[in-house]
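Worksheet: one structure, shown below.
The values are calculated or read from the model by the stated rules, or taken from the named source; none is laboratory data. Bear in mind the structure is a predicted one, so any value in this text is a computation, not a measurement. No Cβ is skipped: glycine too gets one built from the backbone with ideal geometry, and neighbour counts run over all protein chains shown. These area figures cover heavy atoms from the full protein model, side chains too; ligands, DNA and RNA do not enter into them. Shrake-Rupley method; radii C 1.70, N 1.55, O 1.52, S 1.80 Å.
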Amino acid sequence: MKAPISWLKEYVDINVDINTLCEKMVAIGLEIEEVCYLGENVTNTVVGQILSIEQHPNADKLVVCKVDVKTKEIQIVTNSKTVKVGDKVPVALDGANLATGQHIVAGQLRGVHSDGMFCGPEELGITKDYYPNGDVDGVLVLKDTAVVGQDVRKEVGIDDYVIDVAVTSNRPDCNSVYGIAREIAVALGKKVKPLDVSYSEVDGNIQDYVSVEVTAPDLCPAYFMQAVKDVKIADSPLWMTSRLAKIGLHGISNMVDVTNYVLMEVGQPMHAFDESDLHDKTIIVRRAEEGETIIPLDGKEYRLSKDNLVIADKTRPVGLAGIMGGANSGIKPETELVVFEAAKFAHDNIRHSSRNLGLRSDSSARFEKGVDVYSVQLGLDRALCLVEKLGCGTIVKGRIAKVSEKTFVDTITFEYSRIKQLLGIEIDKRTVKKILNNLNVSVSYKGKEITCVVPGYRTDLQRYCDIIEEIIRVYGYDNISGTMLENSHITYGGKNKKDLFVDNCHNILTGMRYNQCIFYPFGGKGLYDKLTLKGFDMSKNIKLLNPLGEELSVMHTTMCADMLQCASLNHKRKNLDVKLYEYGAIYLAKALPLVELPDEKKGFCLFASGQNVDFDSFKCDVLTLLDAFDKKVHLERSKEEFLHPGISANVYVDGKYCGFFGKVHPTIAKNFGLAVDGYVAQLDFDTLYSLKNDAFKYQTFAKYPPVDRDFALVMNEEVLAQDVLDEIKKVCPLCEYAFLFDVYRHESLGQNNKSLAITVRFRDNTKTLTDTEIENQVSVCLKALKDKFGAVLRT
């Protein structure tokens, strides 16, 4: 809602600058969207008076004017033939900026110096709505009362600010200039001046001019009409048109401008009918007939349905209720008798009709937010007052009122102690009464209770908490101090142990240069089919009832699909050195269709690719993360379809399956478009966390040196390297660790054989090992490997 400061000052004494005013308005809960200074683009332009006019010595079409601008006498060269000696005109001085974007600089025109330029309405950014002759094509001649030397912005009415207030849906009373003035009065602690609604009537009978029938009271709970005769259609005065122009409306004629003025000033949409266009002098407020048509004031034809509400006479619609009047009943220059309409229409019906027809107006915007019966009568009274003030008609005595809804009046009584209970602070009764009285809420105290009578335009105040909210927004939220709730105690927030452990895992992964990804927890068949060799079985996936699309239609049962899709996107953009991880969840249904919530299993999904990434380095990353759980990890060959069958492993802790990792299968890598080899892992965090060792174990640093032995062992291709390493640790009590560092395959080793190069470290924490003890350990190890796997030393 836009409101010029000059208009607001008619109702409230504003004695603060614009910035302070906006701060105080925001402090009481109003949102200021924009503050616009109308004269922002016009600078260094003053009122000047022409002292003399002489012909330019070097140009027939130019004249040289001597101009008084109060501080000095200047010279202006112009091509205007309409100005004369004694005229007062706008003068743009050296360095001036104009609304057209021009920048004025003093200079020579055909050999004669000019100190500036005379201005027309266009250069000042005004029209005839702002100033007499504001539509002239040429230099604007100002009124004789203009003060020489004064900033021209004051003279033409653009030395004014317009504030744009965002009106929330629960405050339709602020959707008007007067409504904002009431709020400003509250913010400044002042009284708002009452709106002038006085007018005189002449004897007559309204029924002689029009009759009204409302057949849809559910859509029109209040409808008022009053007639004005002896109408004289003319232009509206500048004080009215300039106010309308500042908020974006152009002057049309006095009767039409009155309805627009009331719309903006009071927030009540109105319509003026030419009585001669109403067949049988009848107004019927009814639902439209299916397929009925109307041509509103915008000149377009609209086909209506029974859901639309129309204002009709005996034969046809003459207006779309709450949206726009019909072109067949509008005000014309020859109009002699006008019937004013002021009504309340159901806001939801207006909203639906406006949207369905694709027709919006300032009136529909207000009706959509809600109009109260109080404002309906106030708006009609104000319109009649303006008619009399403008002298454009005689008001006929008598008013038609079709009302099925009473004016909103609410009395709210509650215990005064509730204010402290809700706000946590004590506010004395005198302050509370002053605040509420400034809001036009009458207050009385009786015992422990406070009784508030709400004004008719504040339909949002219906409960005691609404009253308390009004008190604190005016009293000031900054005055609320932190206090404990009754019977409460201090609690210490923070993350639980599990969340802290998740944070630790994040730190471990980011420490290894992994970047976190966040994906949707759902996918589609097209994505999952890339993850399999034979087509993905979707029967175990939970389907969404209202998916965003086919490819986001089922809940994830694996985290790898999204991760590989993300890796593919990086590879396509030539980012091949990638380390990614996600902390997410998979959703496993106990039965389908769902009869209970599925199991939501949290987990980590890792991906790595690049020049320095291979299976061993990726395995090291996975084991580093698993070390955080402080449990012994057992690895077995994985049978996951999307992993390479010989370069992958399942993870077990205490015999429980906890995930997998390995190289992406070449076919799957091709499906996703991976440009280089990639490695992926998925770990079940919930299972791992449940097995986590919470007890800390400490041991002293080794005092005695270790002994390393390297073995090249030949064995059958089917023997798993992990099984060999586990066997070494099992049979050698002095084995500190065993590590595979090479795999060799050659026909010289025999058919289906391979050679594993393994480093074994021996250490005794109580003494230095002797050669004999080391050889005994080696012998035990080699014998056990030969007996179990047929492994022999390569020669």
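If we scan the range 71-89, do we find a residue that is under 16 Å from residue 151 (Cα atoms), in contact (Cβ under 8 Å) with a residue 60 or more places away in the chain and hydroxyl-bearing (Ser, Thr, Tyr)? Yes, because at least one residue in the range 71-89 is under 16 Å from residue 151 (Cα atoms), in contact (Cβ under 8 Å) with a residue 60 or more places away in the chain and hydroxyl-bearing (Ser, Thr, Tyr). Would it be correct to say that residue 62 is farther than 30 Å from residue 246 by Cα, in contact (Cβ under 8 Å) with a residue 12 or more places away in the chain and touching a strand residue (DSSP E or B) at 6+ places or on another chain (Cβ under 9 Å)? Yes. So, of the residues in the range 442-457 that are under 38 Å from the mean Cα position of the chain (by Cα) and surrounded by 20 or more Cβ atoms within 10 Å (Cβ to Cβ), which turns out to be farthest from residue 372 (Cα to Cα)? Only one residue tops the list, namely 452. Pick from the range 685-730 the residues that are among the polar types (S, T, N, Q) and over 30 Å from residue 583 (Cβ atoms): which of them is nearest to the chain's Cα centre (by Cα)? My answer is 699.
Filtering the range 529-553 to residues that are open to solvent by less than 40 Å² (accessible area, probe 1.4 Å) and part of a helix (DSSP H, G or I) leaves only 538. Mind listing whichever residues of the range 93-103 are surrounded by fewer than 16 Cβ atoms within 10 Å (Cβ to Cβ) and of a type outside the set (S, T, N, Q)? Matches in the range 93-103: 94, 95, 101, 103. Do we find that residue 44 is open to solvent by 40 Å² or more (accessible area, probe 1.4 Å), without any contact (Cβ under 8 Å) to a residue 12 or more places away in the chain, out of contact with any helix residue (DSSP H, G or I) (no Cβ under 9 Å at 6 or more places or on another chain) and not in a loop (DSSP other than H, G, I, E, B) in this structure? The answer is no for residue 44.
Of the helices (runs of 4 or more DSSP H) lying entirely inside the range 104-202, the ones with 1 or more residues being over 13 Å from residue 47 (Cα atoms), open to solvent by less than 30 Å² (accessible area, probe 1.4 Å) and hydrophobic (A, V, I, L, M, F, W, C) are found at 177-188.
Only a single item in (1) more than 22 Å from residue 384 (Cβ to Cβ); (2) over 34 Å from the mean Cα position of the chain (by Cα); (3) surrounded by 15 or more Cβ atoms within 10 Å (Cβ to Cβ); (4) not aliphatic (A, V, I, L, M) is not met by residue 302, and it is number (2).
Taking the residues in the range 481-498 that are under 31 Å from the mean Cα position of the chain (by Cα) and within 29 Å of residue 629 (Cα to Cα) as candidates, determine which candidate is surrounded by the most Cβ atoms within 10 Å (Cβ to Cβ). Among residues in the range 481-498 that are under 31 Å from the mean Cα position of the chain (by Cα) and within 29 Å of residue 629 (Cα to Cα), the one surrounded by the most Cβ atoms within 10 Å (Cβ to Cβ) is 495. Condition first: loosely packed, with under 12 Cβ neighbours inside 10 Å and in contact (Cβ under 8 Å) with a residue 12 or more places away in the chain. Now tell me which residues in the range 572-593 satisfy that. Passing the criteria: only 572.
I'd like to know if the range 2-17 contains one or more residues that are open to solvent by 70 Å² or more (accessible area, probe 1.4 Å) and assigned to a strand (DSSP E or B). Yes, the range 2-17 has at least one match. Return yes when residue 686 is acidic (Asp, Glu) and within 20 Å of residue 514 (Cβ to Cβ) and no when it is not. No: the conditions fail for residue 686. Picking from residues in the range 775-795 that are of a type in the set (Gly, Ala, Ser) and either touching a residue at least 24 places away in the same chain (Cβ under 8 Å) or part of a loop (DSSP other than H, G, I, E, B) (or both), the one that is surrounded by the fewest Cβ atoms within 10 Å (Cβ to Cβ) is 790. All of 460, 466, 478 fail the test of being exposed (fewer than 11 other Cβ atoms within 10 Å of the Cβ) and among the acidic types (Asp, Glu), apart from 478.
Answer yes if at least one residue in the range 585-596 is aromatic (Phe, Trp, Tyr) and farther than 20 Å from residue 647 by Cβ, and no otherwise. Yes.
Among residues that are without any contact (Cβ under 8 Å) to a residue 24 or more places away in the chain, β-branched (Val, Ile, Thr) and under 30 Å from residue 187 (Cα atoms), residue 26 is included. For beta carbons closer than 6 Å, sequence separation of 6+ or different chains, a first residue in the range 380-401 that is touching a residue at least 60 places away in the same chain (Cβ under 8 Å) and a second that is crowded, with 21+ Cβ neighbours inside 10 Å and part of a loop (DSSP other than H, G, I, E, B), the qualifying pairs are 387/393; 393/231. Which residues, taken from the range 529-553, are over 29 Å from the mean Cα position of the chain (by Cα) and among the aliphatic types (A, V, I, L, M)? If the condition is that a residue be over 29 Å from the mean Cα position of the chain (by Cα) and among the aliphatic types (A, V, I, L, M), then 531, 533, 538, 542 are the ones that fit.
Output the residue which, of all residues in the range 505-528 that are open to solvent by 30 Å² or more (accessible area, probe 1.4 Å), over 24 Å from residue 617 (Cβ atoms) and without any contact (Cβ under 8 Å) to a residue 40 or more places away in the chain, is nearest to the chain's Cα centre (by Cα). So the residue we want is 522. Taking the conditions exactly as written (modelled with pLDDT under 95 and either of a type in the set (Gly, Ala, Ser) or open to solvent by 80 Å² or more (accessible area, probe 1.4 Å) (or both)), does residue 738 satisfy them or not? Spelling it out, residue 738 is indeed modelled with pLDDT under 95 and either of a type in the set (Gly, Ala, Ser) or open to solvent by 80 Å² or more (accessible area, probe 1.4 Å) (or both).
Looking across 10, 34, one residue alone is touching a residue at least 40 places away in the same chain (Cβ under 8 Å), out of contact with any Asp or Glu (no Cβ under 6 Å at 6 or more places or on another chain) and within 30 Å of residue 436 (Cα to Cα). It is 10. When residue 425 is tested against the conditions (1) in a loop (DSSP other than H, G, I, E, B); (2) of a type in the set (A, V, I, L, M, F, W, C); (3) crowded, with 16+ Cβ neighbours inside 10 Å, the lone failure is (3).
When you check residue 400 against the structure, is it closer than 19 Å to residue 325 by Cβ and of a type in the set (Val, Ile, Thr), yes or no? Answer is yes for this residue. Return yes or no: is residue 635 buried (at least 21 other Cβ atoms within 10 Å of the Cβ) and over 49 Å from the mean Cα position of the chain (by Cα)? Criteria met by residue 635. Only residues that are in contact with a strand residue (DSSP E or B) (Cβ under 7 Å, 6 or more places away or on another chain), of a type in the set (A, V, I, L, M) and part of a helix (DSSP H, G or I) were counted across the range 554-581, and they come to 4.
Close contacts from the range 480-495, counting a first residue that is in a loop (DSSP other than H, G, I, E, B) and a second that is surrounded by fewer than 10 Cβ atoms within 10 Å (Cβ to Cβ) and of a type in the set (Gly, Ala, Ser), with Cβ to Cβ under 7 Å and a gap of 6+ residues or different chains, come to none at all. For the range 594-613, residues that are touching a residue at least 40 places away in the same chain (Cβ under 8 Å) and over 30 Å from residue 695 (Cβ atoms) total 7. Just checking, which of 650, 612 is more than 22 Å from residue 518 (Cβ to Cβ) and in contact with a Leu (Cβ under 8 Å, 6 or more places away or on another chain)? The conditions single out 650.
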